[in-house]
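Encoded as structure tokens, the structure appears first; notes follow it.
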Amino acid sequence: MKKIIGILCLAGTLAGCNKLKTKADVKDELKEEKALSKEKESEFKETESSRDRISKEEAVKLAMKQFEDYLPKILKTYDGVIDLQDPHTGDFTGDGIDDVAIYWDIAPEGGNAIIGQGLSLYQNNGHKVKVIAGYEPDYLFAFDTIKNGKIIVEKLKYTEEDGRCCPSIKTKHSLTIKGNKVY
């Protein structure tokens, strides 16, 4: 009987030892709690900031409004009327947020020729959009796409056989943006 009681006491003591925490165990638990707390805080901030972000559609509306406000100056420069204003979205600033590029062209009043064309580029920071650059090359071009952080256009040229409507030489060109310059 003494042996059984001794074994039970030893088992109880060992079980009690397992429940005792060392200083190292407490430190490890505190580190885990801090890490979890930081992770939750980061998730909260991420959720909160994404909740405050404007949608892609709202970014387009804001860019179009800014473009409309500036349009009279463009029209005065070319002495014509707006023929096309076409917004496109994609991340061309490299921050992971879709920006807005507005492709536009100007025609003479009552005519169908293109007398001016360009791109107005708006950076979207998730909360507002702002114009960062304009692109008005001295050649005819068509907007193609925004892909892999680059804006792609097609340079257009005529052969002798082409009608005025339809240039047949199309060369892809990737635009580079540096500061407020585009080339």
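Could you tell me whether Gly111 is exposed (fewer than 13 other Cβ atoms within 10 Å of the Cβ), among the small types (Gly, Ala, Ser) and at pLDDT below 95? So Gly111 fits the description; yes. Can you confirm whether region 59-82 contains a residue that is of a type in the set (D, E, K, R), open to solvent by 60 Å² or more (accessible area, probe 1.4 Å) and in contact with a strand residue (DSSP E or B) (Cβ under 8 Å, 6 or more places away or on another chain)? Checked against the condition, which is being of a type in the set (D, E, K, R), open to solvent by 60 Å² or more (accessible area, probe 1.4 Å) and in contact with a strand residue (DSSP E or B) (Cβ under 8 Å, 6 or more places away or on another chain), region 59-82 yields no hits at all.
This table checks each residue for (1) hydroxyl-bearing (Ser, Thr, Tyr); (2) within 30 Å of Arg51 (Cβ to Cβ).
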site: Lys65; (1), (2): no, yes
site: Leu84; (1), (2): no, no
site: Ala101; (1), (2): no, yes
site: Gln117; (1), (2): no, no
site: His127; (1), (2): no, yes
site: Tyr139; (1), (2): yes, no
site: Ala142; (1), (2): no, no
site: Gly149; (1), (2): no, yes
site: Lys172; (1), (2): no, no
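The set of residues in region 126-172 being surrounded by 12 or more Cβ atoms within 10 Å (Cβ to Cβ) and of a type in the set (Val, Ile, Thr) consists of Val129, Val131, Ile132, Thr145, Ile146, Ile151, Ile152, Val153.
Before we move on, is Ile97 under 30 Å from Arg51 (Cβ atoms), open to solvent by less than 50 Å² (accessible area, probe 1.4 Å) and assigned to a loop (DSSP other than H, G, I, E, B)? For Ile97, the condition - under 30 Å from Arg51 (Cβ atoms), open to solvent by less than 50 Å² (accessible area, probe 1.4 Å) and assigned to a loop (DSSP other than H, G, I, E, B) - is met.
The values are calculated or read from the model by the stated rules, or taken from the named source; none is laboratory data. The structure displayed is predicted, hence computed values, not measured ones. Using ideal geometry, Cβ is built from the backbone for each residue, glycine included, and neighbour counts are taken over all protein chains shown. To get the accessible areas, we keep the full protein, side chains included, count just its heavy atoms, and leave off ligands, DNA and RNA. Shrake-Rupley method; radii C 1.70, N 1.55, O 1.52, S 1.80 Å.
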